[in-house]
Amino acid sequence: MIGIIGGTGLYDPELLENRKVVSTKTPYGKPSDKITTGTIKGVKVAFLPRHGSKHGYNPSNIPYRANIFALKKLGCKRILAPCAVGSLQEDVEPGTLVFPDQFIDRTYKRETTFYDQKQVCHVSMAEPFCGELRKNLVDSAIRLGISYRRDGTYACIEGPRFSTKAESRLYRSWGAHLIGMTLVPEVTLAREAEICYASIAMITDYDTFKEQTVSLDEVLATMKANVEKVKKLLLDAITKIPGEREKCSCGSALKGALI
């Protein structure tokens with residue numbers, strides 16, 4: 001089963017056939033919302049809206065541990081995670097889909113591990129995203145003629161406020177390409193759960209380093225176009241993902257990590 005964690009603008013599990021709504025309990029409380037299971041061209045899929053179906057959770061309050069635990073419990077071995085982000089670089093234009101390969105964590109209020117009680121886990125995050133899944137997404141973008149970038153560094157901030165210009169310039173100086181609020185700890189928890197994880201970052205606008213004002217209407221128009229691209233991408237990519245995980249080590253991420 002493949003999990004989809006729908007980000008801002010992507011709440012409706014209309015992509016799925018044979019839909020069934022599932023309520024799942026976890027040791028970490030309830031997930032963001034009920035999970036919808038179904039199929040895409042015969043492939044089993046579980047859909048979960050990250051912020052809840054009515055966007056009720058801000059980035060700091062999303063029940064990340066419950067979300068990942070629930071998808072793992074349902075049998076998900078892979079997660080595709082669309083999200084809305086800003087661009088930190090001139091050449092990474094709004095409307096582009098980016099499949100990041102690195103991140104910088106600037107969050108500070110969140111529960112970031114499943115192992116915070118009786119056992120310590122030092123899981124490797126040198127390569128935080130599944131290379132096999134990212135290749136699948138790139139191949140689909142090429143087939144569909146969708147504007148994409150195959151890599152990039154995502155600066156994850158606490159939010160819910162946006163950055164100051166000084167902060168935006170700092171993240172640019174670090175070489176970050178994207179800025180958003182929801183990647184961490186979602187990606188690290190997926191690694192601890194030994195689930196393959198890939199982000200589909202939808203660029204809606206430039207961050208505040210640009211000396212220009214972006215209207216909400218412009219952002220929403222770009223987001224709407226991005227969401228349609230992501231839906232097409234998911235419909236194509238999910239049917240091409242191999243049934244077995246052969247070319248990545250995500251499924252054995254905890255080997256040697258537990259003390």
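Provide the percentage of antiparallel DSSP beta bridges, counting only those with both residues in segment 73-206; round to the nearest 5.
15
Using θ = phi - 60° and the Karplus form 6.51 cos²θ - 1.76 cosθ + 1.60, what ³J(HN,Hα) does each residue of segment 72-80 get, whole Hz, x for Gly and Pro?
4, 4, 7, x, 6, 10, 9, 10, 10
How big is the antiparallel share of DSSP beta bridges in the chain, given as a percent to the nearest 5?
In the chain, DSSP labels about 35 percent of beta bridges as antiparallel.
Take Arg19, Arg172, Arg149 and order them by how many other Cβ atoms sit within 10 Å, fewest up front.
Arg19, Arg172, Arg149
Taking the beta-carbon count within 10 Å as an exposure proxy, list Glu90, Glu167 from fewest neighbours to most.
Neighbour counts put them in this order, fewest first: Glu90, Glu167.
Strictly over 29 Å apart at the Cα level, which of Lys72/Lys231; Lys20/Lys72; Lys20/Lys247 would you flag in this model?
Lys20/Lys247
Which GluC sites (Glu not before Pro) in segment 217-259 sit in a loop by DSSP (not H, G, I, E or B) and have at most 14 other Cβ atoms within 10 Å of their own Cβ?
Glu244, Glu246
Pairs Lys44/Lys109; Lys135/Lys229; Lys109/Lys255: which are spaced more than 23 Å apart, C-alpha to C-alpha?
Table pairs above 23 Å Cα-Cα are Lys44/Lys109; Lys109/Lys255.
Viscosity 1.567 mPa s, temperature 4 °C: what is the translational diffusion coefficient of the chain from Stokes-Einstein with a Kirkwood Rh over Cα pairs, rounded to a whole number of µm²/s?
70
Contact order normalised by length for the chain, with contacts defined as Cα pairs under 8 Å and 6 or more residues apart; what percent is it?
Relative contact order for the chain comes out at 26 percent.
Counting Lys and Arg as +1 and Asp and Glu as -1, what is the net charge of the other residues whose Cβ lies under 9 Å from the Cβ of Cys250?
Result for the neighbourhood of Cys250: +2.
Starting from the amide H of Ala46, placed 1.01 Å from N in the peptide plane, find each other amide H under 5 Å away whose residue is 5 or more places distant or on another chain.
Ile2, Gly3, Ile4
May I ask for the net charge around Ala225, where only other residues with Cβ less than 12 Å from the Cβ of Ala225 are counted and Lys, Arg are +1 while Asp, Glu are -1?
+2
Report, ordered by chain and residue number, the aspartates and glutamates lying within cross-link reach of Lys224, taken as a straight Cα distance under 17 Å and ignoring same-chain residues fewer than 8 apart.
Within the straight-line cut-off, Lys224 pairs with Asp12, Glu14, Glu93, Asp205.
After finding the eigenvalues of the alpha carbon gyration tensor for segment 76-155, what semi-axes result from the square roots of 5 times each, listed largest first in whole Å?
Whole-Å semi-axes of the equivalent ellipsoid: 28, 17, 10.
Bear in mind these aren't lab numbers, they're just calculated from the coordinates by the rules spelled out. Keep in mind it's a predicted model, so treat the numbers as computed, not measured. Neighbour counts are summed over all protein chains in view; Cβ atoms, including those assigned to glycine, are modelled from backbone coordinates with ideal geometry.
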